[in-house]
Amino acid sequence: MSRINTNVASQIAQRVLTSNSKTLNTTLERLSTGLRINRGKDDPAGLIASENLRGEKTALSAAIGNAERTDQLANIAEGGLQEVSGLLTELQGLITATANSAGLSQEEKQANQLQIDSILQTVDRIADATNFQGVKLLNGNFDFRTSAVSGGITSFNVNGAKLAKGGSIVVQALVTTSAQQAAVFLSTNGNVNLNGSNTGLFTIEVTGTLGSRELSFASGATQQAIIAAVNTFTDVTGVKAGFFTSASSNFLRLQSSEFGKDSFVSVKVVNDAGIGTAGGIGVFRARDGGTTPDADQPDTAGTVQTFNGTAAKNGVRDAGQDIAVTINGVSATTKGRNARINTDFLDVDITFNTSTATTRGLVGGSTGALSIIGGGAEFQLASRVDIAGKVAIGIQDVSARRLGGIETGSGGSNSLRFLSDLAAGKLLNVVNGDLAGAQKVVSEAIRQVSSTRGRLGAFQKNTVGATIRSLNISLENSSAAESVIRDADFASETASLTRSQILQSASTNVLGLANQAPQSALQLLR
């Protein structure tokens, strides 16, 4: 059939040529951009997936930058704390040197005090000057803010807490087992009675956590004299003595200075000197069990160890007990009257007063032990902005007026002493103050600064370091996933280019032939 009005072959050739041209153009575009998906029509589902992955990659890169900046901030804080730690170590040496009072002149003591004053001023200056982009790091600016602190708490540190926007955390502490001091009770039934012996000496060895002393008493020695003798060496033995009066008799209570299972009291009778055994005279262990701490009462229902008995001569020993606490439902790590939990959402360290630590029950009632209402140094260390992706750490004030904070004498919170109390004219100055108390405060300050440095170091190594490594792996995997979906396969596209070029050339030639075909119909007119 020969038609000239409609050239079907030419139309077919044009259609195929157009299709081949589009395929060739697509291949050229992919090879020039390196992308398989350049617009939505290339792969709608793939475009959506790759754009999501691109957003995740950008967020991951930002999170890595956040973590690296967090590490630098911690480095600056660590540098300041390291200087404070060095100053405190020097301060410890000055106190020890000044304690050699007989070998120092008054002028030398005053010169040491001048050095101490300079150190305290430098500590305050470092606390105030250490900053990151103008934000001060060691002046309490990054400490957590609290309210409604129960009167049953002697001291506390909020080391970390994740707070929702505008939210707060109520810290509920439940004492399940009371903290206890070690205690051994002596009954002499009044003054020491050696049955008329004027030469014999009743001798006991008192041992505590710090050491031991052997004490001797003549016939007629009063109970008060025994108490005074034991208390003379409290700083050496870690044992203090006092009266305990029951309904039927008086006892001498030899009690550890500290709470906890590491504390103990041991009484060993070296020489009973015929003191006798009548009337319940001897050594009593502390009573176990119940809500009353061991150190409160002698176990009069138990067996009395007579002074001339084998048990008393070998030593009667009692150990204390650590408090057991749950904080917000988590079993705390405890020592003495101190309890701490360290979870992803809350890291808090609490020391309870004697009354609270020795009474089982809810601290602070329904209002909780304390409320955390804000503050802390908050860092975004994940690609998704939510509470799970945030990390918060507390950096306490390391100024001289905040470091230390221990009881240097008997009494309650009024006897708390801080590093600033070592300044000239204060109670712990080295010229005429309490040097033993000063050393205890400095030791506690060193412990506090070291603890803060340790927390920051662990935060850098474990939290920040692990986060950076994890985020980099996630970024690599996200990039690989996005590449699989969106990037062009050059080997495949090159093969497609060759094919498309050949087909386009063939289609062009065929179109030329198809256009020539109608001319053959003109021969019929000849």
Dipole of segment 327-403, positive end: most advanced residue of 361, 328, 381 [Cβ charges, Cα centre]: 361
On full extension of the chain, what length is gained from residue 342 through residue 201, given 0.36 nm per residue of separation minus the C-alpha to C-alpha distance? 45.4 nm
Extension length gain for residue 407 and residue 177 (0.36 nm per residue less Cα distance), in nm, is 80.4 nm
Which whole number of Å³ per residue matches the convex hull of the alpha-carbon atoms in segment 4-49? 78
Heavy-atom accessible area of the chain with neighbours in place, 1.4 angstrom probe: carbon+sulfur share in percent works out to 50
Given points 7 Å out from each Cα along the Cα-Cβ axis, report the residue 234 to residue 141 separation in nanometres with one decimal. 4.3
On the first, second and third principal axes, largest extent first, how far apart are the outermost C-alpha atoms of segment 367-526 in Å? 138, 35, 23
With all protein chains in place and a 1.4 Å probe, residue 192 shows an accessible area in Å² (nearest 10) of 0
Using the eigenvalues of the Cα gyration tensor, what equivalent ellipsoid semi-axes result for segment 454-502 when each is taken as the square root of five times the eigenvalue, whole Å, largest first? 46, 6, 4
For the charge dipole of the chain, defined by +1 on Lys and Arg C-beta atoms and -1 on Asp and Glu C-beta atoms about the Cα centroid, which residue among 496, 65, 115 has the Cα displaced farthest towards the positive pole? 496
Is the shape of the chain best called rounded, prolate or oblate, per the rule: a/c under 1.5 gives rounded, else a/b larger than b/c gives prolate, else oblate, with a ≥ b ≥ c the square roots of the Cα gyration tensor eigenvalues? prolate
Quick check for you: with a 1.4 Å probe and neighbouring chains kept, what is the accessible area per residue of segment 123-203, in Å²? 45
In terms of the alpha carbon gyration tensor, root eigenvalues a ≥ b ≥ c, rounded if a/c is under 1.5 and otherwise prolate when a/b exceeds b/c or oblate, segment 79-222 is oblate
Do you know the relative contact order of segment 1-133, to the nearest whole percent, from alpha carbon pairs under 8 angstrom that are 6+ apart? 21
Rounded if a/c under 1.5, otherwise prolate or oblate - segment 111-156, Cα gyration tensor axes: oblate
Which one, 510, 266, 167, projects farthest toward the positive side of the charge dipole computed for the chain from Cβ point charges (K/R +1, D/E -1)? 510
How high is the FRET efficiency from residue 102 to residue 473, r the C-beta distance, R0 56 Å, rounded to 0.05? 0.30
What do you get for trypsin sites (Lys or Arg not before Pro) in segment 180-273 restricted to DSSP loop and a cutoff of at most 12 other Cβ within 10 Å of the site's Cβ? none
Under a crude label model (7 Å from the Cα following the beta-carbon direction), how far is residue 110 from residue 494 in nanometres? 9.1
Is there a quick way to get the dipole size of the chain? I mean about its Cα centre, with the Cβ of Lys and Arg at +1 and of Asp and Glu at -1; what is the value in debye to the nearest 20? 1960
Hey, rough spin-label estimate for residue 416 and residue 523, points 7 angstrom out along Cα→Cβ, what's it come to in nanometres? 11.6
In segment 314-385, if every C-alpha pair distance is counted and binned at 5 Å from zero, what percent goes to each bin? 3, 12, 21, 20, 14, 10, 8, 5, 4, 2, 1, 1, 0, 0
From the helices alone, meaning DSSP H stretches of at least four residues, give me the mean residue ellipticity at 222 nm for the chain, per-run term -39500 (n - 2.57), in deg cm²/dmol to the nearest 500. -13000 deg cm²/dmol
What order, most packed first, do the peptides 329-339, 477-487 have when packing is the mean number of other Cβ atoms within 10 Å of each residue? 329-339, 477-487
Sorted largest first, extent of segment 140-194 alpha carbons per principal axis (Å): 73, 26, 17
Using r as the Cβ-Cβ distance of residue 513 and residue 35, and R0 as 41 Å, what FRET efficiency do you calculate, to the nearest 0.05? 0.65
Report the convex hull volume per residue for segment 394-463, counting only C-alpha atoms, in Å³. 92
In order over segment 362-371: 3J(HN,Hα) from phi, Karplus 6.51/-1.76/1.60, θ = phi - 60°, whole Hz, x for each Gly or Pro, gives 7, 7, x, x, 5, 7, x, 6, 6, 10
Between segment 80-99 and segment 387-403, the alpha-carbon center distance in angstrom: 23
Using 0.36 nm per residue of separation minus the Cα-Cα distance, give me the extension gain between residue 72 and residue 385 in nm, one decimal. 110.5 nm
Distance between Cα centroids, segment 11-74 to segment 155-212: provide it in whole Å. 70
Could you work out the Rg to Rh ratio of segment 56-113, with Rh taken as the Kirkwood radius (inverse of the mean 1/r over all Cα pairs)? 1.51
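The values are calculated or read from the model by the stated rules, or taken from the named source; none is laboratory data. Just so it is clear, the model here is predicted, and its values are computed rather than measured. Here the Cβ is made from the backbone with ideal geometry for all residues, glycine too, and neighbour counts use every protein chain on show. Areas reflect the complete protein model, heavy atoms only, side chains present, ligands, DNA and RNA absent. Shrake-Rupley method; radii C 1.70, N 1.55, O 1.52, S 1.80 Å.
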